[in-house]
């Protein structure tokens with residue numbers, strides 16, 4: 001199982017909504033290898049956002065097994081989940097999720113503020129991450145002084161600062177024009193090649209999914225198609 005960064009078996013997630021039970025995941029199985037680039041697709045309500053929350057350690061399954069980089073996640077409490085999330089997962093969201101008053105370097109340093117990394121090393125790593133996404137000359141700019149594509153590059157640098165086992169990108173091009181979106185996808189794929197980070201993209205855009213090595217289709221809380 002060493003080459004598998006994600007190993008999930010019979011994942012089930014039930015939400016209680018008043019009197020109703022909503023079965024978001026219904027016994028889903030998925031394995032993802034280290035360094036793989038895959039997209040998760042499915043119609044609205046298919047369970048893809050729930051699966052992203054499980055894989056990204058934002059939530060835990062009602063039942064089933066989930067190993068992230070060899071660590072059993074399904075039984076973890078909230079503090080343990082937060083710990084593994086900070087060490088093993090980088091997130092890139094459609095809406096960038098940057099702090100508007102903070103500079104690019106401060107935004108990128110954010111995940112390291114909860115670690116025992118010194119201020120000097122934090123700064124050096126944040127600058128290196130910004131340089132890796134082509135923003136070495138924008139480290140002191142605030143989000144409002146950057147284009148949408150540049151803001152998403154800052155978000156990617158922030159996601160990579162901890163050398164995560166998986167990078168979760170939720171509709172990473174959704175708020176960008178076509179040219180910026182293509183540039184962001186190109187950057188994500190180049191970073192995957194350069195540092196072998198496993199890249200999991202949740203998307204409804206067939207043009208985005210066509211750029212990935214593997215497409216996993218979800219419907220009604222299970223994988224219905226898995227193609228390379």
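Each value in this text was obtained by applying a stated rule to the coordinates, not by laboratory testing. Everything quoted here is computed from the prediction, not taken from an experiment. Every residue, glycine as well, gets a Cβ built from its backbone with ideal geometry; the counts of neighbours run over all protein chains shown.
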Legend entry - the stretch 170-220: radius of gyration over Cα atoms, expressed as a fraction of 2.2 N^0.38 Å: 1.15
Legend entry - Cα convex hull of the stretch 70-178 - mean projected area over all directions, nm²: 7.5 nm²
Legend entry - Nitroxide proxy distance, nm - points 7 Å out along Cα→Cβ at residue 163 and residue 178: 4.0 nm
Legend entry - Fewest-first ranking of 5, 108, 222, using other Cβ atoms within 10 Å as the exposure measure: 222, 5, 108
Legend entry - Label-point separation, residue 228 to residue 186 (7 Å along Cα→Cβ), nm: 2.8 nm
Inset, instruction - Translational diffusion coefficient, Stokes-Einstein: compute it for the chain using the Kirkwood radius over C-alpha pairs as Rh, at 25 °C and 0.890 mPa s, and state it as an integer in µm² s⁻¹. - result: 136 µm²/s
Inset, instruction - Calculate the radius of gyration of the Cα atoms of the stretch 116-228 to one decimal place, then report Dmax, the largest Cα-Cα distance, as a whole number, both in Å. - result: 15.5, 48
Inset, instruction - Using only Cα atoms, tell me the angle between helix 148-160 and the longest principal axis of the chain; keep it within 0 to 90° and round to the nearest 10. - result: 70 degrees
Legend entry - In degrees, nearest ten, helix 78-88 long axis to first principal axis of the chain (Cα): 60 degrees
Legend entry - Spin-label pair residue 210/residue 193, simplified geometry with 7 Å Cα→Cβ offset, distance in nm: 1.9 nm
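Once you keep just the Cα pairs under 8 angstrom separated by 6 or more residues, what percentage relative contact order results for the chain?
Details: 466 pairs, mean separation 65.4, N = 228.
Taking the mean separation of contacting Cα pairs over the length of the chain, I get 29 percent.
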Legend entry - Mean ellipticity per residue at 222 nm, deg cm²/dmol - from DSSP H runs of n ≥ 4 across the chain, formula -39500 (n - 2.57): -9500 deg cm²/dmol
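Before anything else, pin down the relative contact order of the stretch 34-134: Cα pairs under 8 Å, at least 6 apart, normalised by residue count, whole percent.
16 percent
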Legend entry - Radius ratio Rg over Rh of the stretch 19-139, counting only Cα atoms, Kirkwood formula for Rh: 1.02
Inset, instruction - Can you tell me the relative contact order of the stretch 147-192? Whole percent, Cα pairs under 8 Å, sequence separation 6 or more. - result: 43 percent
Inset, instruction - Against the globular-protein guess of 2.2 N^0.38 Å, express the Cα radius of gyration of the stretch 16-74 as a ratio, rounded to two decimals. - result: 1.22
Legend entry - Tilt relative to the chain, helix 178-195 - C-alpha long axis, 0 to 90 degrees, to 10: 80 degrees
